[in-house]
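Below is one structure, written out as structure tokens; the observations come after it.
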Amino acid sequence: TPNVTDWGSTEEKRKFEVPVVVTNPDGSKITKTVEITVLRDTDGDGDSDITDPDDDGDGVSDVEENARGSNP
């Protein structure tokens, strides 16, 4: 899994294409590309920001912060 350290201020997910080399039983190899999506977890609680109701872990819900205009 890529370690994303340059998240944009409103970015919550990022897609990556990862090349995977497959070795067949006859020894031949082919490369396939697999797409993965990495979800941001700002507060490190294991719940991605997309589904976390308090994604910065400050005890104030994102809904309330958005209403106040104070959601980081």
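The values are calculated or read from the model by the stated rules, or taken from the named source; none is laboratory data. Bear in mind that the values here come from a model prediction, so they are computed numbers and not experimental data. Positions of Cβ are generated from backbone atoms using ideal geometry, with glycine treated the same way; all protein chains shown enter the neighbour counts. Heads up: the accessible areas ignore ligands, DNA and RNA and are worked out on the full protein's heavy atoms, side chains in. Shrake-Rupley method; radii C 1.70, N 1.55, O 1.52, S 1.80 Å.
The order of the peptides 48-59, 4-15, 19-30 by mean Cβ neighbours within 10 Å, most packed first, is 48-59, 4-15, 19-30.
Would you mind working out the magnitude of the charge dipole of the range 6-66 relative to its Cα centre, with +1 at each Lys and Arg C-beta and -1 at each Asp and Glu C-beta, to the nearest 20 Debye?
Values: 6 positive and 19 negative charges, 203 e Å.
Using Cβ point charges on Lys, Arg, Asp and Glu, the range 6-66 gives about 980 debye.
Placing unit charges on the Cβ atoms of the charged side chains and taking the dipole of the chain about its Cα centre, the candidate lying farthest along the positive direction among 3, 30, 51 is 30.
Other residues whose C-beta falls under 14 angstrom from the C-beta of residue 8 contribute a net charge of 0, scoring Lys and Arg +1 and Asp and Glu -1. Close amide H partners of residue 41, meaning residues 5 or more places away or on another chain with modelled amide H under 5 Å apart, are 49. Computed from backbone phi, the HN-Hα couplings of the range 62-71 come to 4, 4, 5, 5, 5, 5, 7, x, 10, 6 Hz, rounded to whole numbers (Karplus: 6.51 cos²θ - 1.76 cosθ + 1.60, θ = phi - 60°; Gly and Pro given as x). For the chain, dividing the convex hull volume of the Cα atoms by the residue count gives 100 Å³ per residue.
Projecting label points 7 angstrom from Cα along Cα→Cβ for residue 40 and residue 62 puts them 0.9 nm apart. For residue 32, the aspartates and glutamates whose Cα falls under 13 Å of its own Cα, not counting residues fewer than eight places away in the same chain, are 17. 3J(HN,Hα) along the range 36-43: 10, 10, 9, 9, 6, 9, 4, 8 Hz, from the Karplus curve 6.51 cos²θ - 1.76 cosθ + 1.60 with θ = phi - 60°, whole Hz, x for Gly and Pro. Entry comment: accessible area of the chain is 74 Å² per residue, from protein heavy atoms only and a probe of 1.4 Å.
Residues whose amide H lies under 5 Å from that of residue 54, counting only those 5 or more places away or on a different chain, are 62; hydrogens are built 1.01 Å from N in the peptide plane.
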